Amino acid sequence: MRITENITKEFLWGAFKKTTSPLMAAAGNSKGIITQLISEFADRSRSDIKKWRAALSAFEDPDDPKSVLLQDLLRNLMSDGHLMAQIQIRKAATLSNRFMVIDKNGQEVEEKTELLQTEWFFDIMEHLLDSRFFGYSVLELTDPANMKWELIPRRNVVPATNMVLFEASGDQGINFTDPMFARTIIYRYDMDPKGALNDIVPQLIWKRNAQQVWADFSERFGIPLVSAETSITDAKELKRIETMMRQLGRAAQAVLPEGAKITIHDAATKGDPHKVFLEQITITNNEIGKRIVGGTMLTDDGSSLSQSEVHERTLDEKIGESDRRMIEFTVNGKLIPILNTWGFGFKEGDRFVFDRSEDLTMAEHWDIVSDALTHYEIDAEWVSRRFNIPIVGKKETTSAASIIPTALSKNFR
């Protein structure tokens, strides 16, 4: 019953008030939110500082806030390869960590952990992490039978009013915090609903402009300008010289009449354009790296191993830990209660957590467990699962008293 294309706002509003969707009936006798959004074209025109300031004004308008201009601008700037690499590195610092569900006693509930080891749950975590960059994420459960969640387009969401607008620039919509959507909507706002990307919009715009101007400069001056001076006034002869000059531009050779002087103007290196453009792009990339992953030495050349390791620890132990904590709060506070209403059977006290022991290397963790085995009985099944060791039983120990006589008897035969 998806009606996202070729429908008018009036039809949508009437449909929302008069009809219900069987899928969402249990959520409060209302249609899903995503099915009522009107498909619109996003603005992909060239971004500039003036457009960014207009987008901020619209987003922060106290009377009629709109997100469409800012979100379209951010999406347009997301084509930057360096920015995408930084975002993927930061998200991987969380998504690559093992997680589990534990009970009130701190013991892992394996069957519940396995329930979340699914594609849809990892998609949810990715969308929640994106709220760090875009400011917010609102997800709707559109197919409870298959746990299919969809991101409500951010350009339609207005965080200031908790509204999803049918048209991104319109004035009619639905409050997604309404109790009727309690079983189908989860959302997460960042501390700044404009998101981290808003902080580096000027740098991204300047970088794109520098690349465009550099490309234009290369096109204009990459091949040196060639000029000819001659005292000939005959129009036919001048035409012949002009033809030869054009051929010279392509073939670097020509036959000119006597009295013609050729000058090659090499403007490609005047003013050190390489330094002018590359320095601006490099500074912009540094600003992007610092804002997203807390440093510049995870992807850029020229850093030492020790410096790279420091930056990596900053990401994994500080920024990444902050992201993991945000995921835990959202999953435990919002997602698990919704999953329970759809029969997932989480018990009181069950919590989703990331495995902090991942901070240790496997060798360090094994040393700790080996030492503990000398003093305590440890579950063999846990050891087998944690270290991927196929344990089939307990090894019989042989006392030193029985080993020594046997060894001596062999030596003296």
* What are the extents of the Cα atoms of segment 332-394 along their three principal axes, listed from largest to smallest and rounded to whole Å? -> 44, 27, 21
* To do: Give, in nm to one decimal, the length gained when the segment between Ser384 and Trp366 is fully stretched (0.36 nm per residue of separation minus the Cα-Cα distance).
  => 5.3 nm
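Values quoted throughout were computed directly from the atomic coordinates according to the rules given, and no laboratory measurement underlies them. If you're wondering where the values come from, they're calculated on a predicted model, not measured in any experiment.
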